[in-house]
Amino acid sequence: MSPAGAAATQTATQTLESGHQDVVHDVAMDYYGKRLATCSSDRTIKLFSVGAQEQHASSSPLATLTGHEGPVWQVAWAHPKFGSILASCSYDRKVIIWKQGADNEWTQAQVSTLQILSLFSPPTISFLHRSVKSLMRKRSEW
């Protein structure tokens, strides 16, 4: 296809200072691409607003989640049909399911301690997804 007939493609780039005090291990966009979750060895998860409506990305997080006792390795957003839910897994062998309440307040909806054979092999994203699915089946208990 010639350049004249090709559809125009736009790419948006945003730079963001995470504010983490240590290495960032994972980032995840929510389903709609409006929020970004980051996790770090500083044991925190930070949530940011991103997207086309953000003219100038603010380095101020919407929320900082604390609750892990070790480096946080991965984060994953649930599908929006479950609400505003984020899962995190850490070197402390815990999966925490975070639920957003009013005024951007986040609480721990579920905490699950993982049975990992080796501390030298942290949870993988597939393990995190299996844990989230298992915990989501129990969501009626929340």
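Remarks
- Here is the tail figure for the range 60-113: Cα pairs spaced more than 14 Å apart come to 52 percent of all pairs.
- Computed over neighbours whose Cβ is under 12 Å from that of TRP106, the net charge equals +1, Lys and Arg +1, Asp and Glu -1.
Every read-out reported here was derived from the displayed coordinates using simple, explicitly stated rules and does not represent laboratory data. These figures come from a predicted structure and were not determined experimentally. Virtual Cβ from ideal backbone geometry, glycine too; neighbours counted across all protein chains shown.
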